[in-house]
Amino acid sequence: MGDLEGAGGRREQIVEAALDLLAEMPLEQLTTQRIAERLGLSQAAVFRHFGPREAILRGVAARARATLAAVGETVLAQNDDPVEQLRELARRIVLEVERTPGLARVLFLAPEPGEASDALRALVAMLAALVAERVREGQRRGSLAAAIAPDDAATMFIGLVQGLALRARPDHRARDFEDDAGRLVALWLASMGPSPESRPVAPSLAADDAGGAETAAPEDGIRILDVRPILARGDDPLGEVLRALAPLAPGSVLVVTAPFRPGPLVALLASRGHSVVARQVVPGTWSVEVVVGGAPAIVDLTDLEPPEPLERTLLAAERLPPGGVYLARLPRYPQLLVAELRQRQVRFAVECEVDGTALVWLGSGR
């Protein structure tokens, strides 16, 4: 087999070979030697391009995460009905497993403890968190029974998809997985249907999302949440993101730092009416800026030469209407601006982001 151009192409080839082999064998039997044989390479070449087995499994987990994230983001963007979203999510996941049978083992059979195991557990946690949140939304709208525990429903969903996925072996490729998924997901959804006397839950965030913060006075300004430690533990940060958002007033900003673009989170928060900007600030680090309520837009002043960012921000502070908010991104931490704002007794917040830029929030008096 000829070399692909560049190390990145060879790494993709190694991940593809690992997924192909996982359709034929359990994770514990997957070795760098087997991958090398599948590709017609030496084991040393596999090490040179990717590293040991643990690194390859992390690469496989990253591929699976990107696949599921794309599925989740597409489903959330195409339909606003949480019940239909759950139905479509299951269908698309099963179709992905049919196309790539090795994905079944990646999703549901974690290897021995280690970084790769944490990454694979985080995959399942991401899927479970998304399902649980959609179940909560269905309960808020009255289309799913309020008595159902969302986390239990998510566990059942994972088991359902796992059962379908484990059929995706080469000798069963002729089965109509999409029909199987449709029947079983319909049964799962029917088991959670509301009783005739059910009523929709209040449209505000549920208490388990907000951690009780919905009864406190709204907070404004900028809040920072780094979810990388949560993901490193093999957990999904969706619950923490929702709890961090719950007490924030409209026009406030939650900045989420993540090691990759969290597509389903971006789509989910956008569907709730928030404005979401996801930026890769440095390689391997993303900043997701969530403006609560969708406005105002963040004004980008990073290309302006000093003192124009300072002058524009001070002018915006002078022109703020009662209850108004102004948001801007500046090229660096604005020490002179901070001094001016303090002297003028303007309500403000400034936070530096990973790339060295600064996010500025200005609020008029209450």
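Screening region 179-225 for residues that are touching a helix residue (DSSP H, G or I) at 6+ places or on another chain (Cβ under 7 Å) and at pLDDT 80 or above and picking the one that is surrounded by the fewest Cβ atoms within 10 Å (Cβ to Cβ) gives L184. Filtering region 231-242 to residues that are touching a helix residue (DSSP H, G or I) at 6+ places or on another chain (Cβ under 6 Å) and among the aliphatic types (A, V, I, L, M) leaves L231, L238, L242. Within region 127-156, the set of residues being more than 21 Å from the chain's Cα centre (by Cα) and touching a residue at least 40 places away in the same chain (Cβ under 8 Å) comprises Q139, R140, R141, G142, S143, L144, A145, A146, I148.
Tallying residues that are in contact (Cβ under 8 Å) with a residue 40 or more places away in the chain and either of a type in the set (D, E) or at positive phi (or both) within region 316-366 yields 4. Look at (1) assigned to a loop (DSSP other than H, G, I, E, B); (2) surrounded by 14 or more Cβ atoms within 10 Å (Cβ to Cβ); (3) modelled with pLDDT under 90 and you find that L4 fails only one, number (2). When E28 is tested against (1) surrounded by fewer than 16 Cβ atoms within 10 Å (Cβ to Cβ); (2) modelled with pLDDT of 90 or more; (3) farther than 28 Å from L187 by Cα, just one condition goes unmet, and that condition is (2). Whether any residue in region 294-315 is within 30 Å of A61 (Cα to Cα) and at pLDDT below 95 is what I want to check. Within region 294-315, none of the residues are within 30 Å of A61 (Cα to Cα) and at pLDDT below 95. Go through E84, E12, E16 for me and flag whichever is surrounded by fewer than 18 Cβ atoms within 10 Å (Cβ to Cβ), within 30 Å of G273 (Cβ to Cβ) and free of Cβ contacts under 8 Å to residues at least 60 places away in the same chain. Result of the check over E84, E12, E16: E84. Residues in region 325-347 that are crowded, with 20+ Cβ neighbours inside 10 Å and part of a strand (DSSP E or B): 5 in all.
The values are calculated or read from the model by the stated rules, or taken from the named source; none is laboratory data. Keep in mind that this is a model prediction, so the values were computed, not measured. Neighbour counts run over all protein chains shown; Cβ positions are idealised from the backbone, glycine included.
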